[in-house]
Amino acid sequence: MKFTVAIDGPAAAGKGTIGRAVAEAFGFAHLDTGVLYRAVGVRGGDPVAAAQSLSAEDLARDDLRTLEAGQAASRVAAIPQVRAALLEFQRRFARREGGAVLDGRDIGTVICPEAEVKLFVTASAPVRAHRRWLELGGDEAQVLAQVRERDARDMGRADAPLRPAPDAVLLDTSDLPVDQAIARVLDLVRSRLA
Ligand code: C5P
């Protein structure tokens with residue numbers, strides 16, 4: 001069975017938490033596609049060459065979750081050849097047998113427009129910055145500035161900008177407890193599987 005759940009949205013909206021819960025509940029494979037761009041960003045050197053030769057080791061680095069890695073990822077993610085180099089792997093993952101959940105920015109629009117479930121998960125910038133700050137610490141005002149900078153870069157780029165697919169279900173998690181967000185998405189997936 002091929003069944004793809006595409007979860008897009010800005011940083012720290014809750015995509016990863018929801019994606020992991022869906023994958024676990026239905027036994028689907030899960031890919032956090034941001035990790036691919038983070039690994040390219042932190043490798044340094046020519047980003048196109050890095051994207052074309054990403055290894056399992058690159059993806060297992062322990063410095064991929066930092067704010068710096070997020071910023072580096074969003075810079076290299078604006079380079080069309082970087083995106084092109086990562087496209088096929090993501091498409092194959094999306095259409096693998098047994099079901100797949102992918103979270104990112106362009107899953108429902110570019111990687112897998114035929115996904116059976118498309119979600120666009122969002123939350124206000126201050127709420128998302130607060131979550132990131134609880135996770136990573138540092139100066140909350142600076143975290144908010146970085147979230148806004150990354151949003152602007154991800155939404156403003158020419159290639160695969162961050163935007164909801166026309167047929168995506170919108171989920172604003174600003175005031176929605178995480179267990180309720182997960183419950184709603186599980187219901188949606190269940191109804192599409194039926
Ligand atoms: O989701 P995460 O914060 O890990 O993503 C890091 C950066 O990678 C994003 O800000 C975005 O620029 C880029 N990205 C992307 N397309 C994806 C996933 C991530 O452009 N599908």
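A few points about this structure:
- Most mobile of Gln81, Gln90, Gln142 in a GNM of the chain (Cα contacts under 10 Å): Gln142
- Whole-angstrom gap from the stretch 146-194 to the stretch 72-129, using each part's C-alpha centre: 11 Å
- Rounded to the nearest 20, the size of the Cβ-charge dipole of the stretch 4-185 about its Cα centre is 240 debye, with Lys and Arg at +1 and Asp and Glu at -1.
- Residue with peak Gaussian network fluctuation, the chain [Cα springs, cutoff 10 Å], from Arg148, Arg92, Arg38: Arg92
- Ranked list, fewest to most other Cβ atoms within 10 Å of each Cβ, for Ile18, Ile7, Ile79: Ile79, Ile18, Ile7
- What the Cβ-Cβ distance of Gln142 and Arg65 gives, at R0 = 22 Å and to the nearest 0.05, is a FRET efficiency of 0.85.
- Amide proton proximity set for Arg163, modelled H, under 5 Å, gap of 5+: none
- Counting every alpha-carbon pair across the chain, the share separated by more than 22 Å comes to 44%.
- Local net charge near Thr17, Cβ-Cβ under 12 Å (Lys/Arg +1, Asp/Glu -1): -2
- The phi-based Karplus calculation (6.51 cos²θ - 1.76 cosθ + 1.60; θ = phi - 60°) puts the 3J(HN,Hα) values of the stretch 171-179 at 9, 9, 9, 3, 10, 10, x, 4, 5 Hz, whole numbers, x for Gly and Pro.
- Ranked Asp187, Asp106, criterion: other C-beta atoms within 10 Å, fewest first: Asp187, Asp106
- Approximating the spin labels as points 7 Å out from Cα along Cα→Cβ, the Ser191-to-Arg95 distance works out to 2.8 nm.
- Stretching Arg184 away from Val169 to a fully extended chain increases their span by 4.3 nm, per 0.36 nm per residue minus the current alpha-carbon distance.
- Among 120-127, 8-15, the order from most to least packed when residues are scored by Cβ within 10 Å on average: 8-15, 120-127
No lab work stands behind these numbers, since they all come straight from the coordinates. Everything numeric in this text was worked out from a predicted model, so none of it was measured. For neighbour counting, all protein chains shown are included, and Cβ atoms are generated from backbone atoms with ideal geometry for every residue, glycine included.
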